[in-house]
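Working notes for the structure below.
The values are calculated or read from the model by the stated rules, or taken from the named source; none is laboratory data. A quick note: this is a predicted structure, and the numbers were derived from the prediction, not measured. Quick reminder, even Gly has a Cβ in these numbers, built from the backbone with ideal geometry, and neighbours come from all protein chains shown. Heads up: the accessible areas ignore ligands, DNA and RNA and are worked out on the full protein's heavy atoms, side chains in. Shrake-Rupley method; radii C 1.70, N 1.55, O 1.52, S 1.80 Å.
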Amino acid sequence: MRFATTLSVLVLGAGGVGHAVVTSLDGGIGRVDPFRDMKNRPQGSRGTNILLVGTDGRDKITPEEKQKYRLGGAPCHCTDTIMMVHVSAERDRVSVVSLPRDSYAEVPEHTDEDTGQTHPRHPVKLNAAYAEGGPALTVRTVENMTGLKIDHYLEVDFTSFMKTVDVVGGVQICTARPMKDSYTGLDLTAGTHELNGGQALQYVRSRHTDGSADLGRMQRQQRFLAALAEKATSNGVLLNPVRFREVASSLLSSVRADEGFGVEEMLGFGAAMKGFTPSSSDFTTVPLGQLGVQIKGIGSTVKWDEAKSKKLFQLLREDQPLAAHTPPKTPPAPASKDAKPPQPQKGHGAIVEVAPAQIRVQVYNGTRTDGLGRRVDDALRATGFRTTGVPRASANLAMPHTLIEFDPRWDRSVKSLALALPGSELRPVKGLGPTMKVTAGADFKDVVPVRAEEQPQGDFGTVTGDQVVCP
């Protein structure tokens with residue numbers, strides 16, 4: 001969850017920040033030694049693996065903020081979020097894999113630093129490894145589970161997350177449906193919202209907006225991460241040393257990292273990532289096999305899909321992009337040699353709940369303008385709708401307004417089509433079936449591209465950053 005703020009620092013090196021600034025910022029980083037006394041570690045891989053751990057840290061938040069953003073209760077000495085972040089060897093791509101905090105794990109044998117007592121290998125939920133043995137045991141546990149050698153460790157808490165979002169001027173989030181969570185206080189209408197630090201924290205912490213619980217929360221964290229990275233790379237922060245220092249000092253005031261990962265190292269990544277954009281990142285969650293597995297003394301856990309997760313981590317070890325295994329879709333061929341082929345609208349468009357690819361459409365020309373039906377059909381297909389490809393002439397050739405006729409049983413789908421054809425008249429027709437009728441009227445101007453919130457690819461349900469940020 002907190003990697004979004006750290007990613008901002010990684011790409012800030014393009015701003016040419018002075019050595020004095022770097023030195024002063026480096027002094028604000030708390031240091032830990034997560035690799036002490038570690039033996040028999042996995043072999044290193046191409047690129048750099050960073051274990052990002054988000055901790056509670058609500059003890060540093062003001063009473064007013066705790067009340068406003070529903071952060072009551074005692075802070076836990078545990079990890080709220082765990083992500084494996086892989087930066088490619090060429091520094092041109094970042095892959096982020098969320099590791100569910102309730103994952104079934106087995107911590108290796110270890111000695112308690114405070115008591116000196118030795119604990120044998122035993123099962124836990126993944127987030128409990130931190131509570132039991134801090135960063136070192138967390139790193140050992142994750143390395144054992146993934147087979148990946150971790151090169152750097154970063155730990156960020158609630159406080160720096162909220163401050164950093166505020167310093168960059170807020171982050172834009174889009175949602176196709178209302179989102180409400182009484183536990184965190186999140187209350188968003190469908191549409192686009194500019195979130196401040198506290199609201200952003202509500203968004204990435206919410207687990208009760210729908211039935212997806214922690215899995216849905218991880219998807220929202222990934223979406224937010226991509227949005228924050230885009231904001232940091234597009235609003236002048238990178239090119240303004242003063243703004244950079246504000247952002248970096250807010251973040252680093254609550255960061256803990258290994259000794260080898262300081263501001264200069266982070267800027268080294270940034271200097272090599274000058275062309276970084278949301279499309280340079282891909283996000284996924286480790287493939288899961290069984291949900292709700294009850295373990296005596298631990299409670300409900302989730303178990304990883306052994307074969308798929310092994311394949312995913314092998315791709316990271318080989319420095320391969322996770323979203324590169326699905327071939328791009330090509331638009332349908334035009335109906336005639338004279339018709340111009342539609343151009344795909346990847347990465348842009350209004351956010352809708354039902355994907356255009358799931359919606360069937362028959363287009364009619366309701367005017368005497370030659371070729372209007374073909375133009376509408378092509379434009380709808382270009383944004384992903386399943387048109388018939390054979391537009392027809394309407395019985396009424398004097399339609400002043402574009403009309404969408406739909407079966408009331410497909411009331412969610414018609415919202416996607418209506419957003420693509422703003423200003424159209426909607427007319428429910430019982431028994432029409434799944435294919436909607438669009439009759440182009442004299443007021444038709446163009447189709448607005450639309451896309452679903454999530455567009456997973458390949459074996460791992462991967463999304464790229466440009467697919468999840470607001471249009």
Selection from region 142-160 of residues that are of a type in the set (Gly, Ala, Ser) and at pLDDT below 95: Ser160
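Rundown of residues vs (1) touching a Lys or Arg at 6+ places or on another chain (Cβ under 8 Å); (2) among the hydrophobic types (A, V, I, L, M, F, W, C); (3) at pLDDT 85 or above; (4) outside any loop (DSSP other than H, G, I, E, B), yes/no style:
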position: Thr5; (1), (2), (3), (4): no, no, no, yes
position: Val9; (1), (2), (3), (4): no, yes, no, yes
position: Val21; (1), (2), (3), (4): yes, yes, no, yes
position: Gly28; (1), (2), (3), (4): no, no, no, no
position: Asp37; (1), (2), (3), (4): no, no, no, no
position: Arg41; (1), (2), (3), (4): yes, no, yes, no
position: Asn49; (1), (2), (3), (4): yes, no, yes, yes
Collect the residues in region 284-330 that are assigned to a loop (DSSP other than H, G, I, E, B), modelled with pLDDT of 90 or more and under 21 Å from Val85 (Cα atoms), keeping them in residue-number order. Val286, Pro287, Asp305, Glu318, Asp319, Gln320
Qualifying positions in region 349-386 - over 25 Å from Ala190 (Cα atoms), open to solvent by 30 Å² or more (accessible area, probe 1.4 Å) and either of a type outside the set (S, T, N, Q) or not in a loop (DSSP other than H, G, I, E, B) (or both): Tyr364, Arg368, Asp370, Gly371, Arg374, Arg375
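Could you tell me whether Thr141 is of a type in the set (S, T, N, Q), under 24 Å from the mean Cα position of the chain (by Cα) and either surrounded by 15 or more Cβ atoms within 10 Å (Cβ to Cβ) or in a helix (DSSP H, G or I) (or both)? Quick ask: steps written out before the conclusion?
On the way: of a type in the set (S, T, N, Q): yes; under 24 Å from the mean Cα position of the chain (by Cα): no; either surrounded by 15 or more Cβ atoms within 10 Å (Cβ to Cβ) or in a helix (DSSP H, G or I) (or both): yes.
For Thr141, the condition - of a type in the set (S, T, N, Q), under 24 Å from the mean Cα position of the chain (by Cα) and either surrounded by 15 or more Cβ atoms within 10 Å (Cβ to Cβ) or in a helix (DSSP H, G or I) (or both) - is not met.
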If Val156 meets every condition in (1) part of a helix (DSSP H, G or I); (2) crowded, with 22+ Cβ neighbours inside 10 Å apart from one, which number is that one? (1)
Do you know which of the residues in region 417-450 that are open to solvent by less than 50 Å² (accessible area, probe 1.4 Å) and of a type in the set (Gly, Ala, Ser) is modelled with the lowest pLDDT? Gly433
Across (1) under 22 Å from Lys303 (Cβ atoms); (2) of a type in the set (Asp, Glu); (3) in a loop (DSSP other than H, G, I, E, B), Glu113 clears everything bar (1)
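From Ala357, Ala379, which residue is out of contact with any Ser or Thr (no Cβ under 6 Å at 6 or more places or on another chain) and under 20 Å from Ala176 (Cα atoms)? Walk me through it before giving the result.
Numbers: Ala379 fails: under 20 Å from Ala176 (Cα atoms).
Only one candidate qualifies: Ala357.
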So which residues in region 399-412 are out of contact with any helix residue (DSSP H, G or I) (no Cβ under 7 Å at 6 or more places or on another chain) and either within 19 Å of Asp377 (Cα to Cα) or outside any loop (DSSP other than H, G, I, E, B) (or both)? Met399, Pro400, His401, Thr402, Leu403, Glu405, Pro408, Arg409, Trp410, Asp411, Arg412
